[in-house]
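*Asks:* Quick one: structure below, then a few questions.
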Amino acid sequence: MIESRRPASLLGTLAWLWGLGGIVALLVTSSVRLAGIGWDSFNYDFNFWHWLLLVLHTLFMAHAEGYRGFQTSFSPRAVARAWHLRAHPTWFTTLLAPLFCMGYFGTTRRRMISAYALTVGIVLLIVAFQYLAQPWRGILDVGVVVGLTWGTASILVFALRTWTTGRATTSPELD
């Protein structure tokens, strides 16, 4: 666990807020946009296969993206990195705090490769989903919204816990 005994400067507080706020804003914006597409899918007549895919994919995304991806990995690490920035800000890392917190720089080689590879995979899925017709695209987007919402909530919970206890629950994996 990472403790910060140094008092936060104004720059450090801004880095903390901008790092986590930028990530949360990205997740909320994506969730709202995809929720509209997901909601639109209910304007179509669903048969058994549609409902089955909706339930199975939503459960899968809640577990894989929400719990495993965000709650057990990304969220505690992003909050730990933001907590590190709070105590050790620079103008550069504060300016790019959301990217720093997501692990695009200033981390281990393995974590950085993972962040970039995951981003490329997500972009490819976004492009592929755009070619799906409704209601299939909306059905899949409902699961993504559940995962993103879980992720947003987990970031907020870890941030609150870290702020109140004064320590992060995981390593920020600095380089």
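Where a number appears in this text, it was derived from the coordinates with a stated rule and is not lab data. Note that the structure is predicted; figures quoted are calculated from it, not measured. Cβ atoms come from the backbone with ideal geometry, glycine included; neighbour counts cover every protein chain shown.
*Asks:* Return the calculated 222 nm mean residue ellipticity for the chain, to the nearest 500 deg cm²/dmol, obtained by summing -39500 (n - 2.57) across DSSP H runs with n ≥ 4 and dividing by the residue count.
*Replies:* Values: 7 runs with 120 residues, N = 175.
So the calculated ellipticity at 222 nm is -23000 deg cm²/dmol.
*Asks:* Rounded to two decimals, what is the ratio between the C-alpha radius of gyration of the stretch 11-67 and 2.2 N^0.38 Å?
*Replies:* Details: Rg = 16.6 Å, N = 57, 2.2 N^0.38 = 10.2 Å.
Computed over Cα atoms of the stretch 11-67, the ratio equals 1.62.
*Asks:* How long, wide and thick is the stretch 30-103, going by the Cα atoms along their three principal axes, in whole angstroms, largest first?
*Replies:* 55, 23, 13
*Asks:* Between Met61, Met102, Met112, where does the largest GNM mean-square fluctuation fall for the chain, given springs only between Cα atoms within less than 10 Å?
*Replies:* Per the Cα network of the chain with a 10 Å cutoff, Met112 tops the list.
*Asks:* Take the chain, connect every pair of alpha-carbon atoms lying under 10 Å apart with a spring to form a Gaussian network, then pick out the residue of Arg33, Arg77, Arg86 with the largest mean-square fluctuation.
*Replies:* Arg33
*Asks:* Now a separate question. Put +1 on the Cβ of each Lys and Arg and -1 on the Cβ of each Asp and Glu in the stretch 6-168; which of Gly138, Ala15, Thr29 then has its Cα farthest toward the positive end of the dipole?
*Replies:* Value: Ala15.
*Asks:* Output needed for the stretch 114-175: three equivalent-ellipsoid semi-axes, defined as square roots of 5 times the C-alpha gyration tensor eigenvalues, in descending order, whole Å.
*Replies:* With the √(5λ) rule applied to the stretch 114-175, the semi-axes are 32, 17, 5 Å.
*Asks:* What relative contact order, as a whole-number percentage, does the chain give when Cα pairs under 8 Å and 6 or more residues apart are counted?
*Replies:* 48
*Asks:* Now for a separate question. Exposure proxy check: Val24, Val144, Val127 ranked by fewest other beta carbons within 10 Å?
*Replies:* The most exposed by this proxy come first: Val127, Val24, Val144.
*Asks:* Going by how many other Cβ atoms sit within 10 Å of their own, how do Asp175, Asp40, Asp141 line up, fewest first?
*Replies:* Listed from fewest to most nearby Cβ atoms, that is Asp175, Asp40, Asp141.
*Asks:* How are the Cα pair distances of the stretch 6-168 distributed, in percent, across 10 Å bins from 0?
*Replies:* Percent of Cα pairs in each bin: 11, 35, 30, 16, 7, 1.
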